[in-house]
Amino acid sequence: MNKAIIMVTLLGTMSYLPNSIAQCNDAPEVARYSPVLEQTITDYKFGLMWSACAISPTTGECMSDNEVRSRMTGLKAVQFASEAVIGGHTDWRLPNLKEAMTLFGGCQGFSYVAPLQMGKYQRRIWTATTDLGQSSPALKTIAMTNAQIVPWRISSSAASVFLVRDISQGVQ
């Protein structure tokens, strides 16, 4: 009986495997992102426009490689996003968790695939997704090295800020 269950499970897994591999290879990433234009990059696949770099809380510009970490708290990041003007656009916000996960390729394990400029010391980014399991208000952050999701109190600092906005539905 156990051998029959194992065999059926193996056959089911083997029939699924080629489909999952095909899904990873079905869309070339060559034309997914636009070139940097006015400090923005457009992700045509998901209809999002991103700030082209992690934003420095002190200058409002791209963080340099010398900046060890962002000193922007989660609360300040939300406020900063609502006031940002980048590339002439004023409707910027922090990405939600699902949007932030689009920066990673999942076929060969989660690895950062987006062309957004990340300083060499920048390790995680803020998202707008709240974490209700904490004793104090928290937002979820994502590690740039492996897409690990970790809640951080909104009063904490050190996560970097990438901003996002929706683009028109007409973009393919």
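The numbers here are math on the coordinates, done by the rules we state, and not lab data. From a predicted model like this one, the values you see are computed outputs, not experimental measurements. All Cβ positions, glycine included, derive from the backbone under ideal geometry; neighbour counts span all protein chains shown.
Calculate, in nm to one decimal, what Ser156 and Thr58 gain on full extension: separation in residues at 0.36 nm each, minus their alpha carbon distance.
Length difference between fully extended and current span is 33.6 nm.
Can you give the FRET efficiency to the nearest 0.05 for Ser135 and Ala31, using r as the Cβ-Cβ distance and R₀ = 45 Å?
The formula returns an efficiency of 0.50 here.
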